[in-house]
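See structure below.
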Amino acid sequence: MPKKIHDTPMLDELENGPWPSFISGFKRLRDEHPDERINETVGSLLGQLEHSYETRKGYWKGGTVSVFGYGGGIIPRFSEVGDAFPESKEFHTLRVQPPAGNYYTTDMLNQLADSWEKWGSGLVTFHGQTGNIMFIGTTTDNTQHFFDEINEYGWDLGGAGPCVRTAMCCVGAARCEQSCANEHGIQRHLVNEFVDDVHRPALPYKFKFKVSGCPNDCQNSIERSDFAVIGTWRDEMKIDQSEVKAFIKAKGRQYVLDNVTSRCPTNCINLNDDDTLTVDNHECVRCMHCLNVMPKALSPGDDKGVSILIGGKRTLKIGDLMGTMIVPFKKLETEEDYESLVEMASDVIDFFAENALEHERTGEMIERIGLVNFLEGIGIEVDPNMVSQPRQCSYVNMSGWDEEAEKWFQRKAEQAAG
Amino acid sequence: MPKKIHDTPMLDELENGPWPSFISGFKRLRDEHPDERINETVGSLLGQLEHSYETRKGYWKGGTVSVFGYGGGIIPRFSEVGDAFPESKEFHTLRVQPPAGNYYTTDMLNQLADSWEKWGSGLVTFHGQTGNIMFIGTTTDNTQHFFDEINEYGWDLGGAGPCVRTAMCCVGAARCEQSCANEHGIQRHLVNEFVDDVHRPALPYKFKFKVSGCPNDCQNSIERSDFAVIGTWRDEMKIDQSEVKAFIKAKGRQYVLDNVTSRCPTNCINLNDDDTLTVDNHECVRCMHCLNVMPKALSPGDDKGVSILIGGKRTLKIGDLMGTMIVPFKKLETEEDYESLVEMASDVIDFFAENALEHERTGEMIERIGLVNFLEGIGIEVDPNMVSQPRQCSYVNMSGWDEEAEKWFQRKAEQAAG
Amino acid sequence: MALEDMRPPIESGCPDGFQYIHPVMRKNYGQWKFHEHPRPGVLRHVAHSGDEIWTVKAGTQRILDVFSLRKLTAIGDKYADGYVRFTIRSNIEYMVSDESKVQPIIDALTEAGFIVGGTANSVAMISHTQGWLHCDIPGTDASGVVKSMMDELIDEFTSCNMPNRVHITTSCCQINCGGQGDIAINVQHTKPPRIAHDLVGNVCERPTVVARCPVAAIRPAMVNGKPSLEVDEKKCICCGACFPPCPPMQINDPENSKLAIWVGGNHSNARSKPTFQRLVAAGVPNNPPRWPEATAIVKQILKAYKEGAKDWERINDWIERIGWPRFFEVTGLPFTKYHIDNWRGARNSLNASTHIRF
Amino acid sequence: MALEDMRPPIESGCPDGFQYIHPVMRKNYGQWKFHEHPRPGVLRHVAHSGDEIWTVKAGTQRILDVFSLRKLTAIGDKYADGYVRFTIRSNIEYMVSDESKVQPIIDALTEAGFIVGGTANSVAMISHTQGWLHCDIPGTDASGVVKSMMDELIDEFTSCNMPNRVHITTSCCQINCGGQGDIAINVQHTKPPRIAHDLVGNVCERPTVVARCPVAAIRPAMVNGKPSLEVDEKKCICCGACFPPCPPMQINDPENSKLAIWVGGNHSNARSKPTFQRLVAAGVPNNPPRWPEATAIVKQILKAYKEGAKDWERINDWIERIGWPRFFEVTGLPFTKYHIDNWRGARNSLNASTHIRF
Ligand code: SRM
Ligand code: SRM
Ligand code: SRM
Ligand code: SRM
Ligand code: SF4
Ligand code: SF4
Ligand code: SF4
Ligand code: SF4
Ligand code: SF4
Ligand code: SF4
Ligand code: SF4
Ligand code: SF4
C-alpha cells in the first residue's frame, strides 16, 4: 500500500463490467504488491490518470533516455504534473523485441516478470501495435538495469525514433494451413540484418517490416509497414474433390454458390454439376476467399513464394497509404533466396536513407518522386502487376519509348529462352 | 477545274480502299463542281493538305472573324502558306447548331447545301464532336453572307470560344425504348435559355451541356460535358415474364446466367427455377446492362426523371475528368420542373462565371475549390449518392458537425412528413 | 460588308427537331417498346402502339462534299420518305416505317459507295476531329488516319461479330477533341516545344502562356536581349498546351510527334461505372498517308479482344476480367515505365494489393 | 550509472521463436492441412501428419499487471504444457495437442476473469494504443475506451454470430497508431491549436514544426516582441501534427477534441482488394470514464451489419453491396458535408457515374 492513495472515482467506473479491468490490475499493484516502490509508483500513476480523466488531457512529455551503446528503443516519459504525482514522475517504456511469431514459454514470461518487478512498475503489454513487448513505466536509472538484466538472457531492444523498427509476423507456418512462407525466418533474416539501424536511429524516419504468410494478411502489413512480405503461390490451387463433395453434403450446393463461387472477385471458380469445383488458375488472383471458406478442400499450391509491397503507412502527413506491389513473386527456399531478399531490403533502406526528406516515410517519398524513379533507384524492372491500371494521363515525355520497349522484348526473350 | 492542279501523290493513296474517301470528294469539288470559285478553293486546299502530308505539319493559324452582332461561332483560319495556296488562304468554319436529336429532312439538307455552294467551299460535316454542323471553308466576307442566308430560314450559330456551347442529345424518346426523358426538350430548354451566352463569349472558359436519355449515355455526356443530364427511373424495373420465358426458350438458361445475372454489378437480378427473373430494385443501380441484353423483357420503370452530373471534360489541363453526380434524381414533367432545371443550370453558370479562373473548366474549378464549396455556391444539399465512398482522410476541421448533422435530420424529418 | 447592309441576327438557337422527325417517330415519341438487330446496319424498333421504325445506318467520310451529301439526300428522297438523321459518330441513318423499304435503301447506299453497318456489336465508325485540314494545332490528320483504318476494319463495320460494341476515337493533338474510346489513337508529342524566339514578342501574350502550362515549365526570359520565353525541358511533359495561346511554342515535329494508343475508355454506365482509357502503346510513327503501324496495333488489339472476351464485354470489361498483365501478353505489346502513371492521383492506379494473376 | 559499470549491449535482435514453440507445432511446421472452429475461442488445426493443435484464445486487458500475467502463465503451466503466444490484438493463445486439455483451460481462464472467445466471426478484441496512460500527445485514453466498449460487446466476443470477423481499432490521437478497422474509433480535433507563445521559444524547433504541418498553415511570427508561431486558422485542418515536435501547439482540448467513427477498413486481400476505412460519424463526445456515446454508435453499426450482411461479408463488403446511402439509412447516422472528402485525390471518391440505388 502506498502512503497516499489518490481518489479515483472516474477510474473506479472502469472496474465495473465483465471485461478484465486494467484499473483493477493497477490497484492490485498499488495495494497488494510486496514491493513498496511498485505500490508508490502505480498509486501515483493512478492519481495522474484520474487527473487526466477529469481534465480530459494527457500530462506526459518526452525527453532523452537511452541505454549505453544504443540511441533508441526507449520511450521516455516525464510527468508535467510531477509535483502532484511525484512517485511516477519518470515513467519510461522499454520496447523489447518479441520472438518471431510471438511465442513464449510460461517460464520465460515469468522470468521477464521477475526482472520487471525488480526494476519497473509491474505493467507490461504483449504487445504494442508495432509488436514490441512494452515494459511500461520505469525511471531513467532502472531502464539501464532492466535492460542489462534481460539482455543477458536473450532479449534486445526494438526500435523507436527514425530507425528500422521491430517487425512482426503472423503465426503462419507454425499452425496455419494457409501459410506460403516461413514467416519467422523472413522476419528474423530481415530485422536482424539491420540491428544497427534498429538501435541507432539515423534514417530520415521510421521504417517497418511486416510479414504475413498469405494474402489474408493477418499482420496488416499492407497498410502498416514500409516493407510488407506476403506469402502466395504461383502454380495451381490444390483441390481435394472428395472434401468438396463432403462440404456440399454438409452445407448444400446453394451454400457453395452463395458463399464461394459468387464471391470470387474474378469469377474464376465454378461449381460443376457433379459437385466438383473447378478453378481457372490463370484468372485466380489468390485472394484467399474460397480457401478461407473451404480450408479442408482448397489449399495453396506447391510453388510457394512471397510478394513484396512497399510504402504502407498510417495517417501522417499525407493520409493513409497502402503498400504498392513491387515484387509480384519471389521464391524463398535457398539461403541465396534469403540473401537476395535481405539485399533488396538493404537497397530499399539505402535509397530511403539517401532520398527521403526528414520525417518522410517510404510511401510518401514514392508519392513525391514517383514509383518509376524509386524502382530505378533500387534496380527493379517495371512489371504490369505493379499497377491496377496503366497510365491514364497523356502528360508525360515518352521520348525514350523505343528503348524501353526494347528492354521489355529482351526480358521476354530471355524468359522464353529460360 | 481550277487553273492549277497541285500534285497530290500522298493524298491520292487515300482514294484507295473500300471506305468512302474524303479525298475523292474533294477532287469532285475541284474537278466537277460548276462553280469555279469552289474548284479553285478546293484545288488549293488539296495542295496545302498534300503539303501537310509531306511535311507532317499543319499550316493554319487563327484570327478574329465573326458575324454582325455575335462574338463567336466561327473558327477563323488563315493559311500560313497562303502564298503557295492563295485560293484557300481564308478558310473559316461556321459552327451551326443542329436541331435537337440531329434530324433533318432531305429537303432541308439540300437547301443548306444550296446556300453553302453559293458561299462556301462545298465541304460540310454532320457533325463536329460537339454537335455542330460544320460548314468548313469560306472567306471572311462570305461567312456573313452565308450566315445571313441560313439564319433567315431557321439556323443559328453555335458556340466557339469561352461561352456556352452547342449541346447534343441522343435519339432517345424518338426511337429508343430505354429513354427515360424528353431529351430534345431538355436540350432546347437548356441551350436556348443561354443564347446570349452562346453567341457572346464572356465566360472564363467553355461550358457544355449534353443530354442522354438513359445511363447508356450514348452522348458521352459524363466525360464530355460540364453539365450532363442523363435519364433514369426511380421505381421498379418492368419485367415482362412471358418475354423472359420466350428469351430463355430461344437462348437457354445458361445464356441468361452467363450474360445477364452474372454481369449485374450488384448481383441483384436472379433467374428463378421457373424461368422468371427477379430484381431486387433496392440494389439495382440502373446500370442498364440487363435491359440492354433483354430489351423486350426488361424496361425502365414508370417514375422517370434525370440525374445531373457536373464537371466532365477531356485532357487539358489537369487530365480527363468524369462528371460528378450532384442531382441523383429530378422529375421533369411539368413546365415548373423544366424551369427549375434551367434555373439550376443558370446558377451553375453564374457560379462558374464568378469563381472559375481564366481558362478553367467547371470540373477543374470544383477540383480546386472542393465539391462542397461548389454545392454551397449553387445551393444544393449534400447527398450520399454524390460519393462512391465517404471521406477517407481525417484531415479536416469538423467543428460544425452538430449543425450539419441537424440539417440532415431535419431534411429526413421533412421528407418523412411528406 | 458595309455597315448599313448588316442585319441583326435572329437568335433562334437550337432548332426544334420535331419538325424534321419521321411522323411515325413523332407519333410514338417516348412510347417505344423494344428494338432488334435484324442484320448489320439495320435496327427495328417497335412501339407500344405496334408501329415500327426500321433504321438503316451507313458510314460516310464525315467531311462531306456537297456531291456526296446530295447523293445521300437523293437516296432519302427516293427510298426513305425524306427523313434522315446523323449519329454522334457522323453516320447517316434512314428511318422508315415499312420493312420493304429497307433493302432498296441498302442497295442504293451500297451502290453509291457508302457502307451499311456500324450497329450493335460491330466496330463503329471511328469518331474524329479536324487535323491538318482545318485546325491550327494538329500533329496529324484525323480524317486520313480514319480513312486508312476504316479501309482495314470495314469487315468489322459491316458485320456484328465483336463481343460488344467497339467505339474507336482519334484526336489530332493532345488536347483530344475526340472522345475516349474502347480504342483511341491520339497524338503524343515527345519533345518539348522549340521556341521561335523572334515571333514571341509579336504573337504571344506571355502571361497567358505561362499560366497555361500544367507543370509550370515556362518562364519569361530575355533571349538575345529581347523578351521571350524559356522552357524547363526537365519539367516539360510535351503536352502542347502552350501552343494554342502562343504559336511560337512549336510543339509539332515531323519526327517526334508520334501517335499513342489507349484502350478501355467507356462512358456508358452499363455494368461497371464509366472508365477512363489507359495507355497501351506509344512511339507509333505518325506516318501519312496510311499510318500502317497504328492500324496494325489496333488490329492486334481487336483480334485479342475478339478471341478473348465474352459476349457483352466491352474492351474495359474484358481487360478488367483477364487483368492488364494478360492484356500485354495476349496483344504482344510491351509494358514500359511509361505505363506507370505519375500524374496527380497516380497512386490510385498502383496495385495496392496482392491480387495477381499467375 | 557510472561509466565503468556500463556493459556493451548484446545486439541479439529478434529472438528465434522456435525455442518457444510448442513441440507439435515445431514438428509440423509448414505442414498444416486445415483448421476448424469447434466453438468460440477454440481452434483446431490438423497437420498432414495427423497431429492436432488445439488453440484456446482469451481476451485480456492488454495492459497487464504482473499479477494478471502470472495468472495467465500459471494456467499455461498447469494446463497447457507451458506454451503460449500473443496475437496481434493482444489476446493470449494456449496451444495444446490434446483435445482433453481444452475444457480445463477454458474453465481456468474463465475463473480467473479472462474472456474466452474472439475467434472466427466474432467481434475480436479491440486493438488499441497508449492514451493518457503513457503517450505525450493523446486526446483520449485508449484503454478506457476499449474496456468500456468490450464490456458491452462481450457477447459478440464470446460468440461467433457476426457475418464475418469484425476487427475494431481505436487510436488516441490523429496520428493513429491503431490500425484501420472494420470499425475504428479515433480522436478528431475540431479546433486549431492554441499556441502557448511563452513556451515556443524554449521548447520548439520552429523550422521543424513549420515543415511538419501538412497544409502549410504555420508561419513563424513575432508575438509580443518574441519569436513565436502563428497558425492560419482558415487553413488549419486540426490534425495535431504540429503538437509532437512542438508541445506549445496545444491541440488537445477537453471540449473540442472529439471522437470520430470510421468503418470499412480492411487490409485482407480476401475477395476485394484492401480498402481504407471511411468516416461515418464525428462530433462524438470524448466522454470518460465510459464513453457511452461512442459505444452506442458502434453498437448501432454492428446491429445493422449483423442484420444486413450476408455470410462472409466483412463490413466493407456489405456496404459495397448495399451502397453508402443505404448504410446511412440503416444505421440512422447523418450524412453531412464532412463526409465528402476534400483531401488529395478526393475526386476518386466522388460518384462519377449514374450508379444510384433508389
Ligand atoms: C471541330 C472540333 C473537332 C471536330 O472536328 O469535331 C474541335 C476543334 C477544336 N477544338 Fe475542340 N473541337 C471539337 C470538340 C471538342 C470536344 C468534344 C465534345 O465537345 O464533346 C472536346 C472534349 C470535351 C471537352 O469539352 O472537354 C474538345 C476539347 C477541346 C479543348 C480542351 C478543353 C478542355 O477543357 O480540356 C480545346 C482547347 C481550348 O479550348 O483551349 C479545344 C479546342 C479546339 C480548337 C478550337 C483549337 C483551337 O484552340 O484553335 C479546334 C478548332 C478546330 C477547327 O479548326 O475547326 N477543344 N473539343 C469539335 C467541335 C465541333 C463542333 O463544334 O461540333
Ligand atoms: C445512334 C446512337 C445515338 C445517337 O443519338 O446518335 C446510339 C444508338 C443506340 N445505342 Fe448507343 N448510340 C450511339 C452512341 C453511343 C455511345 C457514344 C459513342 O459512340 O461515342 C455510347 C457510349 C459510350 C462509350 O463507348 O463509352 C453508346 C453506348 C450504348 C450502350 C452501352 C454499351 C455497353 O455495353 O457499354 C448501349 C446498350 C447496348 O449496346 O445494348 C447502346 C444502345 C444503343 C441503342 C440500342 C439504343 C436504341 O435502342 O436505340 C441504339 C443502337 C444503335 C445501333 O447502331 O446499334 N449504346 N452508344 C449513337 C450511334 C453512334 C454510331 O453511329 O456508332
Ligand atoms: C506504443 C504504440 C501504441 C501502442 O500502444 O501500441 C505507439 C506509440 C507511439 N507512437 Fe506510434 N505507436 C505504436 C505503433 C504504431 C503503428 C502501428 C504499427 O506499427 O503497425 C503506427 C502505424 C503504422 C505506421 O507506421 O504508419 C504508428 C504510427 C505512428 C506515427 C505516424 C507515422 C506515420 O508516418 O504516419 C507517429 C508519429 C511520429 O513518428 O512522428 C507515431 C508516434 C508514436 C509515439 C512515439 C508518439 C510520439 O511521437 O511521442 C507514441 C509513443 C507512445 C508511448 O508513450 O509509448 N506512431 N505507431 C505502438 C508501438 C508499440 C510497439 O513498439 O510495439
Ligand atoms: C491469431 C492471428 C494471427 C497472429 O499471428 O496473431 C490470426 C489468425 C487467424 N487468422 Fe487472421 N489472425 C489475426 C489477425 C488478423 C488480422 C489483423 C487484425 O486483426 O488486425 C486480419 C486482417 C486485417 C483486417 O481486418 O483488415 C486477419 C484476417 C484474416 C482473414 C481474412 C478475413 C476476411 O474475410 O477479410 C482470415 C480468413 C478467414 O477468416 O477465414 C483469417 C484467418 C485466420 C486463421 C483462420 C488462420 C489459421 O488458419 O490459423 C486464424 C484464425 C484465428 C481465429 O479465428 O482466431 N484472418 N486476421 C490474429 C488474431 C488477432 C486476434 O487476436 O483477434
Ligand atoms: S496471414 Fe495467412 S498464413 Fe498468416 S496466420 Fe493469417 S491466414 Fe495464416
Ligand atoms: S482464391 Fe480468390 S480469386 Fe482465387 S479462386 Fe478463390 S475466390 Fe477466386
Ligand atoms: S442514351 Fe439511352 S435513351 Fe439515349 S439513345 Fe442511348 S440507349 Fe437510348
Ligand atoms: S440494371 Fe444493372 S444493376 Fe440493375 S438489375 Fe440490371 S444489371 Fe443489375
Ligand atoms: S484534337 Fe487538337 S488538333 Fe485536333 S481538332 Fe482538336 S484542337 Fe485541333
Ligand atoms: S509543352 Fe506543355 S509542359 Fe511543355 S512547356 Fe508547353 S505547356 Fe508546358
Ligand atoms: S495514437 Fe497518438 S496518442 Fe495514441 S499512442 Fe499513438 S501517438 Fe500516442
Ligand atoms: S493542427 Fe495540423 S493543420 Fe493545424 S497548424 Fe497544426 S499541423 Fe498544421
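The values are calculated or read from the model by the stated rules, or taken from the named source; none is laboratory data. What you are looking at is a predicted structure, and each value in this text was computed from that prediction instead of being measured. Counting neighbours? That spans all protein chains shown, and the Cβs are built from the backbone with ideal geometry, glycine included.
Going residue by residue through segment A:308-323, is there one that turns out to be more than 16 Å from ligand 3 (Cβ to nearest atom) and of a type outside the set (A, V, I, L, M, F, W, C)? Within segment A:308-323 (the criterion being more than 16 Å from ligand 3 (Cβ to nearest atom) and of a type outside the set (A, V, I, L, M, F, W, C)), the answer is no, since none of the residues qualifies.
Residues that are among the polar types (S, T, N, Q) and in a helix (DSSP H, G or I) within segment C:328-358 comprise C:Thr331, C:Asn348, C:Ser349, listed in sequence order. Against the criterion of being within 27 Å of the chain's Cα centre (by Cα), at pLDDT 95 or above and either under 16 Å from D:His339 (Cα atoms) or outside the structural domain of B:Ala228 (by TED's automatic domain parsing) (or both), B:Met344 does not qualify.
All of (1) surrounded by fewer than 16 Cβ atoms within 10 Å (Cβ to Cβ); (2) modelled with pLDDT under 95; (3) not basic (Lys, Arg) hold for A:Glu36 with one exception: (2).
Please determine whether any residue of segment B:277-287 is within 16 Å of ligand 7 (Cβ to nearest atom) and in a helix (DSSP H, G or I). No. Tally up the residues in segment D:301-319 that are away from ligand 6 (no atom under 16 Å from the Cβ), within 27 Å of A:Cys290 (Cβ to Cβ) and surrounded by fewer than 20 Cβ atoms within 10 Å (Cβ to Cβ), please. Total meeting the criteria: 4.
Taking the conditions (1) within 32 Å of the chain's Cα centre (by Cα); (2) farther than 21 Å from B:Leu271 by Cα; (3) of a type in the set (Ser, Thr, Tyr) in turn, A:Ser262 satisfies each one other than (2).
For residues that are more than 9 Å from chain A (Cβ to nearest Cβ) and surrounded by 24 or more Cβ atoms within 10 Å (Cβ to Cβ), scanning just segment D:126-157, find the one that is nearest to ligand 11 (Cβ to nearest atom). Lay out the reasoning, then the answer.
Initially, segment D:126-157 is screened for residues more than 9 Å from chain A (Cβ to nearest Cβ), giving D:126, D:142, D:145, D:155-156.
Those still in the list that are surrounded by 24 or more Cβ atoms within 10 Å (Cβ to Cβ) too: D:126, D:142, D:145.
Details: D:Ile126: 14, D:Ala142: 6, D:Val145: 11 Å.
In this case the residue turns out to be D:Ala142.
Go through the residues of segment D:175-183 one by one and say whether even a single one is within 26 Å of D:Asp253 (Cβ to Cβ), of a type outside the set (Phe, Trp, Tyr) and more than 16 Å from ligand 4 (Cβ to nearest atom). Taking every residue of segment D:175-183 in turn, at least one turns out to be within 26 Å of D:Asp253 (Cβ to Cβ), of a type outside the set (Phe, Trp, Tyr) and more than 16 Å from ligand 4 (Cβ to nearest atom). Restricting to segment B:200-217, name every residue that is over 9 Å from the mean Cα position of the chain (by Cα) and within 16 Å of ligand 8 (Cβ to nearest atom). Selection gives B:Gly213, B:Cys214, B:Pro215, B:Asn216, B:Asp217.
Among residues belonging to segment B:281-290 that are facing another protein chain (nearest Cβ under 9 Å) and modelled with pLDDT of 95 or more, point out the one that is farthest from C:Ile175 (Cα to Cα).
First pass over segment B:281-290, keeping only residues facing another protein chain (nearest Cβ under 9 Å): B:281-289.
Applying the additional criterion that residues be modelled with pLDDT of 95 or more yields B:281, B:284-289.
Values: B:Asn281: 41, B:Cys284: 36, B:Val285: 33, B:Arg286: 32, B:Cys287: 30, B:Met288: 31, B:His289: 32 Å.
The residue in question is B:Asn281.
Here's the yes/no breakdown for (1) under 29 Å from the mean Cα position of the chain (by Cα); (2) within 16 Å of ligand 11 (Cβ to nearest atom); (3) under 30 Å from D:Leu350 (Cβ atoms):
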residue	(1), (2), (3)
B:Asn272	no, no, no
B:Val279	no, no, yes
B:Glu283	no, no, yes
B:Asp303	yes, no, yes
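Scanning segment C:44-68 for residues that are among the aliphatic types (A, V, I, L, M), touching a residue at least 40 places away in the same chain (Cβ under 8 Å) and facing chain B (nearest Cβ under 8 Å), which turns out surrounded by the fewest Cβ atoms within 10 Å (Cβ to Cβ)?
Filtering segment C:44-68 down to residues among the aliphatic types (A, V, I, L, M) leaves C:46-47, C:53, C:56, C:58, C:63-64, C:66.
Checking the rest, the ones that are also touching a residue at least 40 places away in the same chain (Cβ under 8 Å) come to C:53, C:56, C:58, C:63.
Add one more test, that the residue is facing chain B (nearest Cβ under 8 Å), and what stays is C:53, C:63.
On the way: C:Ile53: 22, C:Ile63: 27.
Among those residues, the one meeting the criterion is C:Ile53.
Number of residues in segment C:141-199 that are part of a loop (DSSP other than H, G, I, E, B) and closer than 25 Å to C:Lys306 by Cα: the value is 15.
Criterion applied to A:Asn16, A:Asn39 was being under 34 Å from the mean Cα position of the chain (by Cα) and either of a type in the set (S, T, N, Q) or not assigned by TED's automatic domain parsing to the domain that holds A:Phe126 (or both), and the one residue passing it is A:Asn16.
B:Phe329 falls short on exactly one of the conditions (1) within 8 Å of another protein chain (Cβ to nearest Cβ); (2) among the hydrophobic types (A, V, I, L, M, F, W, C); (3) part of a loop (DSSP other than H, G, I, E, B), and that condition is (3).
Could you check segment D:307-327 and list, in sequence order, the residues that are part of a helix (DSSP H, G or I) and more than 16 Å from ligand 4 (Cβ to nearest atom)? D:Glu307, D:Gly308, D:Ile322, D:Trp324, D:Pro325, D:Arg326, D:Phe327 - these are the residues of segment D:307-327 that are part of a helix (DSSP H, G or I) and more than 16 Å from ligand 4 (Cβ to nearest atom).
Conditions tested, residue by residue: (1) in contact with a Pro (Cβ under 9 Å, 6 or more places away or on another chain); (2) surrounded by 14 or more Cβ atoms within 10 Å (Cβ to Cβ).
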| site | (1), (2) |
| --- | --- |
| A:Leu332 | no, yes |
| A:Ile349 | no, yes |
| A:Ile369 | no, yes |
| A:Leu375 | no, yes |
| A:Asn385 | yes, yes |
| A:Arg391 | no, yes |
| A:Phe409 | yes, no |
| A:Gln415 | no, no |
| A:Gly418 | no, no |
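Only residues that are of a type in the set (A, V, I, L, M, F, W, C) and either within 21 Å of the chain's Cα centre (by Cα) or more than 17 Å from A:Trp408 (Cα to Cα) (or both) were counted across segment A:350-386, and they come to 11.
So is A:Thr130 surrounded by fewer than 24 Cβ atoms within 10 Å (Cβ to Cβ), more than 16 Å from ligand 5 (Cβ to nearest atom) and closer than 22 Å to D:Gly179 by Cβ or not?
Values: surrounded by fewer than 24 Cβ atoms within 10 Å (Cβ to Cβ): yes; more than 16 Å from ligand 5 (Cβ to nearest atom): yes; closer than 22 Å to D:Gly179 by Cβ: yes.
Spelling it out, A:Thr130 is indeed surrounded by fewer than 24 Cβ atoms within 10 Å (Cβ to Cβ), more than 16 Å from ligand 5 (Cβ to nearest atom) and closer than 22 Å to D:Gly179 by Cβ.
Taking segment B:85-196 as the region of interest, the helices (runs of 4 or more DSSP H) fully inside it that hold 1 or more residues being within 25 Å of C:Trp132 (Cα to Cα) and facing chain C (nearest Cβ under 7 Å) are B:106-119, B:140-152. Just one of (1) away from ligand 9 (no atom under 15 Å from the Cβ); (2) in contact with a His (Cβ under 7 Å, 6 or more places away or on another chain); (3) of a type in the set (A, V, I, L, M, F, W, C) fails for C:Val284. It is (2). If I ask for residues that are within 26 Å of B:Met322 (Cα to Cα) and outside the structural domain of C:Ile315 (by TED's automatic domain parsing), which ones from segment C:215-270 would you list? Listed by number, the residues that qualify are C:Val215, C:Ala216, C:Cys236, C:Ile237, C:Cys238, C:Cys239, C:Gly240, C:Ala241, C:Cys242, C:Phe243, C:Pro244, C:Pro245.
Restricting segment C:172-184 to residues that are more than 8 Å from chain B (Cβ to nearest Cβ) and closer than 14 Å to C:Arg278 by Cβ, the residue that is nearest to ligand 5 (Cβ to nearest atom) is C:Asp182. Among the residues here, C:Thr158 qualifies as more than 16 Å from ligand 1 (Cβ to nearest atom) and in contact with a Gly (Cβ under 6 Å, 6 or more places away or on another chain).
Return the pair list, or none, for Cβ contacts closer than 8 Å from residues in segment D:192-211 that are under 23 Å from D:Pro254 (Cβ atoms) to residues that are among the hydroxyl-bearing types (Ser, Thr, Tyr), at least 6 apart or on different chains. Final answer for the pair search is D:Ile195/D:Ser228; D:His197/D:Ser228; D:Val200/D:Ser228. Considering only residues of segment C:231-255 that are surrounded by 19 or more Cβ atoms within 10 Å (Cβ to Cβ) and at the interface with another protein chain (Cβ under 7 Å from one of its Cβ atoms), which is farthest from C:Ile297 (Cα to Cα)? Per the criteria, the residue is C:Pro247.
Filtering segment D:26-43 to residues that are more than 7 Å from chain A (Cβ to nearest Cβ) and in a strand (DSSP E or B) leaves D:Glu36, D:His37, D:Pro38, D:Arg39, D:Val42, D:Leu43.
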